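Participant: I'd like to ask you about the structure that follows.
Derivation of every value follows stated rules applied to the coordinates shown; laboratory data play no part. Note that the coordinates shown come from a computational prediction; the quantities given were computed from them, not determined experimentally. Quick reminder, even Gly has a Cβ in these numbers, built from the backbone with ideal geometry, and neighbours come from all protein chains shown.
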Amino acid sequence: MTVGNMGSVQLFDAGKKGRGLRATKELTAGEVVFAEPSFSAVVFDSLATQVCHSCFRRQANLHRCAQCKFAHYCDRTCQTACWDEHKQECGAIKMMGKVPGEKVRLAARVLWRIHKDTGIVSDSQLISVDQLEDHVTDLPEEDLKHLKTDVYTFLEYWTYGRKQHSVDDISHIFGIIKCNGFTLSDQRGRQAVGLGLFPNLCLVNHDCRPNCVAILNHGNQSAVSSALHSQRRVELRAVGTVSEGEELTVSYVDLLNLSADRQKKLKEQFHFQCSCEQCSQRVKDDLMMAAAESEGNKPSADQLKEGTAFSKEYLEKIERSRMEKDYCQVVRLCRECLEKQDNILADTHLLKLRVLSVASEVLSYLQSFSEAADYARRMVEGYIKLYHPNNAQLGMAIMRAGVTLWHAGQTEAAHGLICKAYGILMVTHGPNHHITRDLESMRMQTEMELKMFKQKED
């Protein structure tokens with residue numbers, strides 16, 4: 001798929017949802033619908049020294065920009081590739097004497113590029129950046145106060161000759177970023193590291209059972225010849241068969257939430273009431289709130305209510321201990337909570353899954369792999385019942401569980417999970433993504449270990 005090729009999609013009027021994109025041909029699972037470079041993107045403030053400001057890979061020993069002392073890069077290649085985007089920012093940081101927050105930096109990068117290239121930077125871009133929805137008039141009073149502060153910080157930071165912008169124009173850009181900004185992850189999908197604006201992707205509407213997924217591909221800048229380099233881009237991939245004329249959709253929120261909670265978040269952040277089939281029919285809400293069942297016996301309504309209450313209390317304590325990096329306390333609280341949840345909450349209950357997830361992650365960090373593996377297996381079994389079979393988050397969770405089981409010496413079970421994760425991520429990420437290549441190496445290694453074990457037994 002050539003970056004910028006939009007031949008598989010068509011812009012159309014999606015009724016109450018506004019503009020949307022639909023397929024112009026039948027698409028198969030794993031097919032790249034389109035690939036789009038960012039219009040503008042920035043690294044989060046908190047990770048400015050740990051993530052390359054060009055390719056958004058998390059790296060050790062990054063090289064710092066000698067001028068502004070703020071931007072960091074993998075090497076000279078990444079720095080050169082990013083210079084057009086960083087040049088104005090570099091000067092503004094030096095003049096201001098400090099670095100503004102990521103939202104201000106992104107707004108400035110957007111406007112600098114509009115001045116340089118206009119709001120449409122290629123023939124394949126379907127809409128000008130300044131025509132995207134901002135929903136500023138829908139913002140609550142508290143958000144408007146934050147917006148006002150950001151605007152004044154922007155005015156202090158902004159430099160572009162004598163060209164100035166009205167407060168309304170600047171507010172419009174901030175509103176566009178708030179509603180349309182795409183979170184960028186690191187090369188292994190472990191952490192959100194930045195925020196970017198992708199105009200064509202902004203036209204893809206939400207659904208709680210989407211037929212596509214948007215994944216950041218960090219590109220390749222390591223080849224000796226620059227002609228072989230590929231740019232950072234977001235790839236929209238089909239997660240199943242999409243019929244010709246069918247609307248393309250992605251999920252704007254984590255699907256592992258109750259319908260009412262998803263609707264609330266979508267209303268607050270994106271200003272629309274989701275009425276998709278998943279929400280209107282409360283699909284899988286019963287599983288996400290399910291009570292444990294043993295030999296036909298279920299807890300009473302009061303027991304279930306009590307179980308929900310103490311689980312929430314424990315999760316608050318667990319999060320506080322995690323923030324304090326008291327990991328032994330986290331493990332103790334997780335064990336206590338899971339013991340109390342047994343025979344009350346099912347393994348598909350959201351509160352139980354959250355405790356299982358934390359327990360597995362922290363125990364793996366503490367290298368208690370056998371216990372971590374047990375929790376990871378239970379967590380994945382719950383996820384499989386809740387997520388779409390080709391969900392990227394499911395694939396990542398299964399991969400992490402497989403690695404945990406591998407460290408625990410459970411190679412056969414680990415290989416099964418790694419193969420399952422590989423099948424999902426080949427659809428959602430494709431064969432050339434850094435994560436998929438890592439997973440392929442793990443798949444081959446666990447397979448080789450199993451063959452060696454079998455040879456020894458024979």
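Participant: Could you pull out every residue, at least 5 positions away or on a different chain, whose amide H is within less than 5 Å of the one on SER185? Hs are placed 1.01 Å off N in the peptide plane, and Pro or chain starts have none.
Facilitator: HN-HN under 5 Å from SER185: VAL193, LEU216.
Participant: Out of every Cα pair in the range 62-213, what percent are spaced more than 23 Å from each other?
Facilitator: Values: 4932 of 11476 pairs.
The proportion of pairs with Cα distances above 23 Å equals 43 percent.
Participant: At a Förster distance of 60 Å, what's the computed FRET efficiency of CYS328 paired with LYS163, Cβ-Cβ distance as r, to 0.05?
Facilitator: FRET efficiency, CYS328 to LYS163: 0.60.
Participant: Give me the number: length gained by fully extending SER230 to THR137, i.e. 0.36 nm times residue separation minus the C-alpha to C-alpha distance, one decimal in nm. Let's see the in-between values first.
Facilitator: Details: separation 93, 0.36 × 93 = 33.48 nm, distance 3.93 nm.
Contour length minus Cα-Cα distance gives 29.5 nm.
Participant: Turning to a different aspect of this structure: For a 24 Å ceiling on Cα separation, which of these pairs sit above it: LYS16/LYS148; LYS305/LYS340; LYS25/LYS284; LYS116/LYS148; LYS284/LYS325; LYS17/LYS116?
Facilitator: As for pairs spanning more than 24 Å Cα to Cα, those are LYS16/LYS148; LYS25/LYS284; LYS116/LYS148; LYS284/LYS325; LYS17/LYS116.
Participant: Moving to a separate point now. Using the Karplus curve 6.51 cos²θ - 1.76 cosθ + 1.60 with θ = phi - 60°, work out ³J(HN,Hα) for each residue of the range 343-359 in order, rounded to whole Hz, and write x for Gly and Pro.
Facilitator: 6, 10, 9, 6, 6, 9, 5, 4, 5, 6, 4, 5, 5, 4, 5, 5, 4
Participant: Between GLN445 and ASP342, what length comes free when the chain is fully extended (0.36 nm per residue of separation minus the Cα-Cα distance, one decimal in nm)?
Facilitator: 33.5 nm
Participant: A further question on this structure: Based on the Cβ-Cβ distance from ASN432 to GLN303, what FRET efficiency comes out when R0 is 45 Å, to the nearest 0.05?
Facilitator: After rounding to 0.05, the efficiency reads 0.35.
Participant: Size of the dipole of the chain about the Cα centre, Lys and Arg at +1 and Asp and Glu at -1 on the beta carbon, nothing else charged, in debye to 20?
Facilitator: The dipole magnitude comes to about 1120 debye.
Participant: I need the phi-derived Karplus couplings for the range 189-196: 6.51 cos²θ - 1.76 cosθ + 1.60, θ = phi - 60°, integer Hz, Gly and Pro marked x.
Facilitator: Calculated HN-Hα couplings, in order: x, 8, 8, 6, 10, x, 9, x Hz.
Participant: When only C-alpha pairs under 8 Å and at least 6 residues apart count, what is the relative contact order of the range 9-250, in percent?
Facilitator: Across the range 9-250, relative contact order equals 32 percent.
Participant: What does the extension gain come out to for GLN367 and ARG320, with contour length at 0.36 nm per residue minus their alpha carbon separation?
Facilitator: Full-extension gain reported as 14.8 nm.
Participant: Next question. What would the Debye equation give as log₁₀ I(q)/I(0) for the chain at q = 0.12, 0.13 Å⁻¹, counting only Cα atoms as equal point scatterers?
Facilitator: Calculated log10 I(q)/I(0) at the listed q: -1.21, -1.38.
Participant: Still on this model: In percent, what relative contact order does the range 303-458 have, based on Cα pairs under 8 Å that are 6 or more apart in sequence?
Facilitator: It rounds to 15 percent for the range 303-458.
Participant: Provide the convex hull volume over Cα atoms per residue for the range 287-457, in Å³.
Facilitator: In the range 287-457, the Cα convex hull volume per residue is 126 Å³.
Participant: Please list the non-local residues whose amide H lies under 5 Å from the amide H of PHE34, H modeled 1.01 Å from N, same-chain partners needing a gap of 5 or more.
Facilitator: LEU236
Participant: Quickly estimate the mean residue ellipticity at 222 nm for the chain, helices only: each DSSP H run with n ≥ 4 gives -39500 (n - 2.57), and the total goes over all residues, rounded to 500.
Facilitator: Numbers: 14 runs with 218 residues, N = 458.
Dividing the helical sum by the residues of the chain leaves -15500 deg cm²/dmol.
Participant: Shape verdict for the range 326-384, please, from the Cα gyration tensor: rounded (a/c under 1.5), prolate (a/b greater than b/c) or oblate.
Facilitator: Oblate, since a/c reaches 1.5 and b/c is not below a/b.
Participant: Would you please give the residues with an amide H less than 5 Å from that of ARG19, counting only those at least 5 places away or on a separate chain, with H modeled from the backbone geometry?
Facilitator: The answer is ALA14.
Participant: At a threshold of 8 angstrom on Cα-Cα distance, excluding pairs fewer than six apart, so keeping six or more, what relative contact order does the chain reach in percent?
Facilitator: 15 percent
Participant: Return the sequence-ordered ³J(HN,Hα) values of the range 432-449 in whole Hz as given by the Karplus equation 6.51 cos²θ - 1.76 cosθ + 1.60 applied to θ = phi - 60°, using x for Gly and Pro.
Facilitator: Values per residue, Gly and Pro as x: 9, 6, 4, 5, 5, 5, 4, 5, 4, 5, 5, 4, 5, 5, 5, 5, 5, 4 Hz.
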